[in-house]
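*Asks:* Quick one: structure below, then a few questions.
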Amino acid sequence: MTSRRQPGVPILRLGDVLVTGLLNELDDRAAIAFTEELTERISAEGARGVLIDISRLEVIDSFVARTLMELTTVARLLGARVIVAGMRPPVAITLVELGIELVGVETALNPEQGLAALGWRQAPQPLEGARRGTAR
Amino acid sequence: MALPGESILASRGAKRPARSEGRRPPAPASYPVRTEEDLLTVRHAVRAATIEAGFGLVDQTRVVTAASELARNAYVHGGGGTVTVEYPRDPRGRRGLRLAVKDEGPGIADLDAALTDGFTTGSGLGHGLGGARRLMDEFSVRTGPGEGTVVVVTRWTVR
Amino acid sequence: MEQALLDTDIGEAELREEADALIEALVPGLQSEIPVDRVVTSSPGLHEAVVGLSMRRARAGATPTATSLAVLALKEALLKAVQRDTRDAEELFSSAVFMNRLLDVAGALSFETYVEGREEIIRRQSQQLMEQSTPVVRLWRQVLAVPLIGTLDTARTQVVMENLLQAIQDHEALVAIVDITGVPTVDTAVAQHLMQTVNAVRLMGADCVISGVRPSIAQTIAQLGIDLSTILTRATLADALAAAIKLIDGPGPDGEEGDGR
């Protein structure tokens, strides 16, 4: 089942958070396969959070929107919190005009902020001394 | 009596015949919607057409999304159909893009209901039509039970 | 020609040049096989000369009368020229009729172009006005604001959303304040447009605060039964800014720190 998915963004694991993304070339079958694979991984790995980077998506129609909403609901039932990050401005405007508000889906400006919301921190700046050390 | 040559040159520079805005619009093109892959092809073709017609990024996204909704309707509810892309001009010379989405399916029995928003139900029909209507400037449907459905939508470049 | 001169600040040299261009284009136009009624509209040089002249006047702010007269005044000049050539009454008459037909079409074309030119200017100006009247300002690190002035219709909402969302992306803003102090009334349509804007901001992953809700507007919203309960609102822009800074600095669910970066 997973093999049918288009070669795209793999699902990475960072602690108890799964990180993945969607590409623009998303047909219906790929969207469904994506949902199935992600659901299996959440369940198998006991993930508490899922970050989906959608900054590559140039179009979100009602089908993709529904996929995201269903995925969020399923993940929540499995105990994971989903954050969708990086929606492009034209996509947000079009969704709102379509009348789709992605009810229940949490959003973040970019993957970094999404990860922060899921409990991940940016690494602190290295110390002066350490930086000097690596420079030499 | 003689004015500085500059002003004449300036006025010459401003001389620009109206309605000469370049090339002839491309010929209309049709794309079949028979398989799921065709939906992607339609999206690509419509994206290219919006760029050709001179739309900005947000309008491109509106038109491609509307095309996606209508093509999916034709595929899911109409058992397949065609999407025709045209490049109209209105009397004021504005450029636009017109999509005619046609299927030979069972037609829409209750058009008003189909146009009513039902986002939360998640049913494809109605959502696609109503959404496409909001995303475009002009919208018309010709349908009836057993007659198939033709949806024609247009968006113009300048609001 | 004098009349046209009075109404505009187009110089005489320019007028002369325009007249020369017209006459220059007239000769090949008349020598062609095109019937007289269509010479002006179908002969490219002549068409361009008349359209160019009219467009320039429309842009310069000349009156429509002056613009048409600039073309029609040629009648008199041409008639005088014919009079110098011949005294034969019949020939004069047929020339006059011919010239009338020719130049009436030119006058009509001139007028049409003039109107078109003015409309183009109006369209462009209203677009500019719309963009200028919705500036997005940065109030604080990661806090943006749009002061809305005037009513909020569909076209305006689209411009506001486009500018605001782009600015959110550019500045990585976390809160956007929409200030409606300058919006005279809020009816259901305006409220719906506000909701759309708020929803679009949220889809981007930022928060939205509406400020400048006057008591009278709050009453109207309540009376109309518009549900804005999911939206954070504040009476003044200052209050909204305070709320926005709290949203950023506060130990919110995302634990974002104000001085984090």
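*Asks:* What is the magnitude of the charge dipole of the stretch C:137-249 about its Cα centre, with +1 placed on the Cβ of each Lys and Arg, -1 on the Cβ of each Asp and Glu, and no other charges, expressed in debye to the nearest 20?
*Replies:* Using only the charged Cβ atoms, the result is roughly 160 debye.
*Asks:* Suppose R0 equals 56 Å; then what is the FRET efficiency for A:Thr35 and C:Thr41 from their Cβ-Cβ distance, rounded to the nearest 0.05?
*Replies:* Efficiency at R0 = 56 Å is approximately 0.35.
*Asks:* With +1 on each Lys and Arg Cβ and -1 on each Asp and Glu Cβ, and nothing else charged, work out how big the dipole of the stretch A:2-122 is about its Cα centre, in Debye to the nearest 20.
*Replies:* 340 debye
*Asks:* Find how much the distance from C:Gln83 to C:Thr63 grows on full extension, using 0.36 nm per residue of separation minus their present alpha carbon separation; answer in nm with one decimal.
*Replies:* Computed gain between C:Gln83 and C:Thr63 is 4.1 nm.
*Asks:* Would you mind computing, in nm to one decimal, how far apart the modelled labels at C:Glu12 and B:Ala48 are, each placed 7 Å from Cα along Cα→Cβ?
*Replies:* Once both label points are built, they end up 6.0 nm from each other.
*Asks:* Add +1 for every Lys or Arg and -1 for every Asp or Glu among the other residues with Cβ under 11 Å from the Cβ of C:Val209, and state the total.
*Replies:* Local net charge: -1.
*Asks:* Taking beta carbons within 10 Å but only from partner chains, what does the mean come to for residues B:54-62?
*Replies:* Whole-number average of other-chain Cβ neighbours for B:54-62 is 6.
*Asks:* Oh, and also: Express the relative contact order of chain C as a whole percentage, based on alpha carbon pairs under 8 Å and six or more residues apart in sequence.
*Replies:* 13 percent
*Asks:* Ok, one more. Rounded to the nearest 20 Debye, what is the dipole magnitude of the stretch C:2-128 about its Cα centre when Lys and Arg each give +1 and Asp and Glu each give -1 at the C-beta?
*Replies:* My answer is approximately 320 debye.
*Asks:* Using the Karplus equation 6.51 cos²θ - 1.76 cosθ + 1.60 (θ = phi - 60°), what ³J(HN,Hα) coupling, rounded to whole Hz, does each residue of the stretch C:98-114 give in order, writing x for Gly and Pro?
*Replies:* Using θ = phi - 60°, the values come out as 4, 5, 4, 4, 4, 7, 5, 4, 5, x, 5, 4, 4, 5, 4, 5, 4 Hz.
*Asks:* Residues with amide H under 5 Å of C:Ile177's amide H, sequence separation 5 or more or different chain, H placed in the peptide plane at 1.01 Å from N; which?
*Replies:* C:Leu144, C:Ala145, C:Val146, C:Val209
*Asks:* Rounded, prolate or oblate, given the Cα gyration tensor of the stretch C:167-206, with a/c below 1.5 counting as rounded?
*Replies:* Cα axes put the stretch C:167-206 in the oblate bin.
*Asks:* Label B:Arg92 and B:Ala29 with points 7 Å out from Cα along Cα→Cβ: what is the distance between them in nm?
*Replies:* The two pseudo-label positions are separated by 2.9 nm.
*Asks:* Over chain C, what is the percentage of antiparallel beta bridges among all DSSP beta bridges, to the nearest 5?
*Replies:* Expressed as a percentage, antiparallel bridges in chain C total about 20.
*Asks:* Evaluate E = 1/(1 + (r/R0)^6) for C:Asp104 and C:Ala189, where r is the Cβ-Cβ distance and R0 equals 60 Å; express this FRET efficiency to the nearest 0.05.
*Replies:* 0.80
*Asks:* For C:Ala155 and C:Glu120, compute 0.36 nm times the residue count separating them, minus their Cα-Cα distance, and round to one decimal in nm.
*Replies:* Gain on stretching C:Ala155 to C:Glu120: 10.8 nm.
*Asks:* Going by average Cβ density within 10 Å per residue, which order do the peptides A:33-44, A:62-73 take, highest to lowest?
*Replies:* Sorting A:33-44, A:62-73 by mean packing, highest first, produces A:62-73, A:33-44.
*Asks:* Once phi is turned into θ = phi - 60°, what whole-Hz ³J(HN,Hα) does the Karplus curve with 6.51, -1.76 and 1.60 give for every residue of the stretch A:89-100, x standing for Gly and Pro?
*Replies:* x, x, 5, 4, 4, 5, 4, 4, 6, 5, x, 9
*Asks:* Starting at the first residue of the stretch C:57-64, write each ³J(HN,Hα) from the Karplus equation 6.51 cos²θ - 1.76 cosθ + 1.60 with θ = phi - 60°, in whole Hz, x for Gly and Pro.
*Replies:* Values per residue, Gly and Pro as x: 5, 4, 5, 7, x, 5, 6, x Hz.
*Asks:* Please give the peptides B:28-38, C:71-81, B:77-87 ranked by average Cβ packing (other Cβ atoms within 10 Å per residue), highest first, as a rough proxy for protection.
*Replies:* B:77-87, C:71-81, B:28-38
*Asks:* Can you compute the FRET efficiency between C:Gln128 and C:Ser216 using 1/(1 + (r/R0)^6), with r the Cβ-Cβ distance and R0 = 25 Å? Round to the nearest 0.05.
*Replies:* 0.20
*Asks:* Kindly work out what percent of the DSSP beta bridges joining two residues of the protein assembly as shown are antiparallel, to the nearest 5.
*Replies:* 55 percent
Read-outs throughout are calculated quantities, based only on the coordinates presented, and are distinct from any laboratory measurement. Predicted, not measured: the structure shown is a model, and the values here were computed from it. Reconstructed Cβ throughout: ideal geometry from the backbone, glycine too, with neighbour counts over all protein chains shown.
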